[in-house]
Amino acid sequence: MNAIKTMLAVILTAVSCSELAAQGFRREPMPEGSYSPVTNINRSSYPRVLNDGSVMFRVNAPQAQQV
C-alpha cells in the first residue's frame with residue numbers, strides 16, 4: 001500500500017513538472033497568412049512577412065531600460 005502511494009506521488013510530481021516545463025515552450029499564434037522567409041537564419045520564426053507586405057520582428061533585450 002505504501003509503495004502505491006509513493007508511486008502515485010512520483011507520477012503526480014512528474015506530470016506537474018512536465019506541465020510547468022512545457023509552458024516555456026508554448027508559442028503565441030502567428031498572424032494568419034504571415035510567413036517566415038527562407039532567408040531567416042536557422043529557419044527561425046522571426047522576422048515574419050505579413051499579408052500587406054509589412055514585416056514583424058522581435059528584439060530580445062532583457063537589460064533594456066527603454067525601447
Exercise. Restricting to segment 7-30, what's the tally of residues that are modelled with pLDDT of 75 or more and surrounded by 10 or more Cβ atoms within 10 Å (Cβ to Cβ)?
Worked result: 8
For this session: Looking only at segment 54-61, decide whether some residue is aromatic (Phe, Trp, Tyr) and either at pLDDT 80 or above or in a helix (DSSP H, G or I) (or both).
Result: yes
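The values are calculated or read from the model by the stated rules, or taken from the named source; none is laboratory data. Small disclaimer: the values here were computed from a predicted structure and weren't measured. Here the Cβ is made from the backbone with ideal geometry for all residues, glycine too, and neighbour counts use every protein chain on show.
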